């Protein structure tokens, strides 16, 4: 029972804590609502779970052999996060979905595979909840993580949707989009900076 609690606690802490994916979800929830944010939430959850399985079922050995892989991933991932931040910061606060850069399932999926935070969470989870010569415990952890991750990301979309009532003018919504997009760009820029120093 204590193992299940540990798996749940780890999954919740890593999923609910702020990061690039969560910032995009709260912004999307605010601009488009929960229903139109669900594809991105689903993409992010499925992308993360498949990344976790990919790392936990063997790729972690490659990373241990080639530690510079994570450095290159951080550069590519940070660039993609900066791009997503730009889309949010420049999005028009008018809720005309046809003209917006609404986050998609594919963007949520790809973002997890390019997100340095996701790779670190997967490596840590795989090392904590893997047993030599048996994948049963790790597969259980992956299932728990999938459920917790989906619910956590969904909560961020609900938070964004409910916050939209506070930001009830075009100016406030534009300011929010600039803030969230700017926060993503600053976060990703810091990750890039840390790789070269």
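What ranking of 166, 123 emerges when the number of other C-beta atoms within 10 Å of each C-beta is taken as an exposure proxy, fewest first?
So the ranking, lowest neighbour count to highest, is 166, 123.
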Worksheet item: GNM on the chain, C-alpha springs below 10 Å: top fluctuator among 91, 134, 28?
Response: 134
Worksheet item: With r defined as the distance between the Cβ atoms of residue 72 and residue 170 and R0 fixed at 41 Å, what FRET efficiency is calculated, to the nearest 0.05?
Response: 0.50
Worksheet item: Which of rounded, prolate, oblate describes the stretch 149-197, given a ≥ b ≥ c as roots of the alpha-carbon gyration tensor eigenvalues and a/c under 1.5 marking rounded, otherwise prolate only if a/b is larger than b/c?
Response: oblate
Worksheet item: Comparing 154, 54, 146, which has the greatest mean-square fluctuation in the GNM of the chain with Cα pairs linked when under 10 Å apart?
Response: 54
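If you rank 82, 24 by fewest surrounding Cβ atoms within 10 Å, what's the result?
Working: 82 19, 24 29.
So the ranking, lowest neighbour count to highest, is 82, 24.
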Response to the item:
Classified through the alpha carbon gyration tensor (a ≥ b ≥ c as square roots of its eigenvalues; rounded if a/c is under 1.5, else prolate when a/b is larger than b/c, else oblate), the stretch 1-119 comes out oblate
Worksheet item: Using a Gaussian network for the chain with springs between C-alpha atoms less than 10 Å apart, which of these wobbles most: 102, 112, 61?
Response: 61
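Can you compute the FRET efficiency between residue 162 and residue 104 using 1/(1 + (r/R0)^6), with r the Cβ-Cβ distance and R0 = 25 Å? Round to the nearest 0.05.
On the way: r = 23 Å, r/R0 = 0.91.
Computed FRET efficiency for residue 162 and residue 104: 0.65.
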Discussion item. How high is the relative contact order of the chain? Use alpha-carbon pairs under 8 Å, at least six apart in sequence, and give a whole percent.
Written reply: 44 percent
Worksheet item: How high is the relative contact order of the stretch 1-116, in percent, with contacts defined as C-alpha pairs under 8 Å that are six or more residues apart?
Response: 45 percent
Fill in: the stretch 85-197: C-alpha gyration tensor shape, a/c 1.5 cut-off, then a/b vs b/c
prolate
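Rule-based calculations on the coordinates, nothing more; no lab input. Because the structure is a prediction, the values reported are computed rather than measured. Every residue, glycine as well, gets a Cβ built from its backbone with ideal geometry; the counts of neighbours run over all protein chains shown.
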